[in-house]
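Worksheet for the structure shown next.
The values are calculated or read from the model by the stated rules, or taken from the named source; none is laboratory data. These numbers were taken from a predicted model, which means no experiment stands behind them. Cβ sites come from the backbone with ideal geometry, for glycine too, and all protein chains shown count toward neighbours. Heads up: the accessible areas ignore ligands, DNA and RNA and are worked out on the full protein's heavy atoms, side chains in. Shrake-Rupley method; radii C 1.70, N 1.55, O 1.52, S 1.80 Å.
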Amino acid sequence: MSSSTGLEPLDVTRIKADFPILGRPVDGHDLVFLDSAASSQRPTAVLEAMDRYYSEDHANVHRAAYALAERATNAMESSRRRVAAFVGAPSADEIVFTKNATESLNLVARSWGVANLRPGDVVVLTLLEHHANIVPWLQLAESHDVELRWIGLTPDGRLDLDDVDDLLRGASLLSVTGMSNVLGTVPPVAELAERAHAAGALVCVDACQSTPHTTTRVEDLGADFLVFSGHKLCGPTGVGVLWARSELLESMPPFLGGGGMILDVRTDGFTPAAVPHKFEAGTPPIAEIVGLAAAIDYLEAVGIDRITAHERSLTEYALESLPDRLGDDLTIFGPTDTEHRGGIVSFAFADIHPHDLSQVLDSHGVCVRPGHHCAKPLMRFLGVGATARASWYLYNDTSDIDALADALADAREFFAV
Ligand code: 7TS
């Protein structure tokens with residue numbers, strides 16, 4: 001595949017070899033992994049970093065006076081600096097480790113939201129959001145009478161920006177995805193953030209689907225909060241990130257209480273630790289945090305811009321070749337150009353239920369995800385209960401999309417009898 005970006009194209013054969021699981025056949029077929037939007041795979045470098053940590057450096061972190069525990073603490077804190085640099089955060093103290101993006105969003109809602117929002121205050125969301133960026137706000141709407149407003153969509157699944165300023169008027173927060181996990185739509189986050197700030201609202205970016213695939217700079221996005229999960233960017237499960245501007249973190253009350261998040265505890269009260277520790281109650285996922293830094297090292301060594309360009313050319317290839325090959329039986333949801341979308345393609349095919357479809361594809365070794373993708377308001381907008389969704393990453397190439405097309409053609413025959 002040639003690159004029109006001036007960036008050196010990825011050597012996908014070499015990259016695939018970095019991911020042990022991709023070399024394991026499924027029922028005699030090569031594994032065609034097209035479900036990275038749900039969770040990516042991990043390169044050997046990440047597995048080895050975690051193994052090395054457990055084999056050589058593990059002890060519980062903080063408050064320890066022996067060298068091993070100091071090494072563990074240093075490993076965790078150097079990972080925090082690594083994550084801060086990865087998203088362009090001015091200080092590592094602005095990085096809070098959580099268990100996933102869902103917990104990070106709940107932290108924003110339960111800590112910042114409960115402390116700052118009063119009955120009638122407004123949070124603006126979009127119809128593209130994952131339930132993780134909806135339900136915590138619905139819970140606040142129930143418990144604190146917060147009003148939710150929704151930015152709607154154009155028929156091709158982009159945000160309808162026409163009445164955004166009206167929706168933002170008087171709002172306290174805009175919480176918006178960096179990329180739809182269903183349609184791949186990439187909203188104009190920086191523009192939205194500018195408009196939100198002009199209206200006096202803060203901006204939370206759910207970067208779960210965007211950070212793994214595009215360069216993330218919190219300042220360029222205009223974010224006040226940013227969340228993502230480790231497992232979607234070649235890192236381990238069990239670790240997520242919340243970044244927030246330090247003055248916000250300073251002013252927010254702790255979310256979970258327990259060890260590690262206090263300076264002092266008395267019978268009549270407690271004094272929280274400094275940020276970010278006041279948000280990290282209990283033993284943190286230390287090995288996972290170490291693995292996350294190794295994943296970031298791996299992705300940056302490949303080059304995030306090269307990954308973005310590679311995925312864009314794969315998306316172009318899919319948007320052209322799949323309809324060519326499969327004709328009118330295929331309906332692809334979402335924007336039709338790669339300017340407004342990333343490497344996620346949701347589709348309906350030949351009236352076959354997405355669950356049935358994905359089972360037949362699985363018998364060809366092709367992994368796609370069927371269902372509502374935890375985005376039921378978006379499904380209602382699309383007028384469907386479920387879609388089948390294929391998503392790619394740096395270790396996919398056009399042969400994987402061809403394998404998807406072959407398997408879909410077979411599924412059509414299978415269900416036609
Ligand atoms: N936000 C977005 C945009 C997501 O795509 C997901 C997970 C989350 C938040 C929650 O991430 P978690 O790590 O806390 O679970 N999305 C998906 C998906 O599309 N299929 O499985 C998980």
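A few comments on the model shown:
- Other residues within the sphere of radius under 14 Å centred on the Cβ of S55, judged by their own Cβ, net out at -2 (K and R +1, D and E -1).
- Loop sites in the stretch 106-164: chymotrypsin sites (Phe, Trp or Tyr not before Pro), DSSP, at most 11 other Cβ within 10 Å: none
- Computed about its Cα centre, the charge dipole of the stretch 74-230 is approximately 560 debye, with only Lys, Arg, Asp and Glu carrying charge at their Cβ.
- Straight-line cross-link partners of K16 among the lysines, defined as a Cα under 19 Å from its Cα and at least 8 positions apart when in the same chain: K232.
- The fraction of accessible area contributed by carbon and sulfur in the chain is 50 percent, rounded to a whole number (1.4 Å probe; ligands and nucleic acids excluded).
- Taking every DSSP helix (H) stretch of at least 4 residues in the chain, weighting each as -39,500 (n - 2.57) and dividing the sum by the residue count yields a mean residue ellipticity at 222 nm of -11000 deg cm²/dmol.
- The Cβ shell under 14 Å around E94 holds other residues with a net charge of -1, Lys and Arg each +1, Asp and Glu each -1.
- Residues of the stretch 279-294 with an amide N closer than 14 Å to a point placed 7 Å from the Cα of L263 along the Cα-to-Cβ direction: 279.
- Average accessible surface area per residue within the stretch 47-301, 1.4 Å rolling probe, Å²: 39
- The chain - charge dipole about Cα centre, Lys and Arg +1 at Cβ, Asp and Glu -1, debye rounded to 20: 1080
- Within the chain, percent of DSSP bridges classed antiparallel, to nearest 5: 60
- When the convex hull of its Cα atoms is viewed from all sides, the stretch 297-417 shows a mean projected area of 8.0 nm².
- Extended-chain gain in nm, criterion 0.36 nm per residue less alpha-carbon gap, D356 and T398: 12.7 nm
- Contour minus Cα-Cα distance for K99 and S246 (0.36 nm per residue): 50.9 nm
- Annotation for the stretch 242-318 versus the stretch 337-384: alpha-carbon center distance of 30 Å.
- Estimated inter-spin distance, T283 and D51, nm [label 7 Å along Cα→Cβ]: 2.2
- Label-point gap, in nm, between E147 and F270 - each point 7 angstrom along Cα→Cβ: 3.7
- Förster radius 41 Å - calculated FRET efficiency between T237 and L161 (Cβ-Cβ, nearest 0.05): 0.70
- Stretchable slack from D297 to E219, in nm (0.36 nm times residue separation minus alpha-carbon distance): 25.9 nm
- Once backbone amide H atoms are built at 1.01 Å from N, A59 has A72 as its partners under 5 Å, excluding neighbours fewer than 5 places away on the same chain.
- Centroid-to-centroid separation of the stretch 30-99 and the stretch 173-209 [C-alpha atoms, Å]: 27
- Global geometry of the chain, whether rounded, prolate or oblate, following the gyration tensor of its Cα atoms and the 1.5 cut on a/c: oblate
- Lysines with Cα under 16 Å of K278, excluding same-chain neighbours fewer than 8 positions away: K99
- The chain: DSSP helices with Cα axial extent of at least 20 Å and average Kyte-Doolittle hydropathy no lower than -0.5: 67-87, 286-302, 398-416
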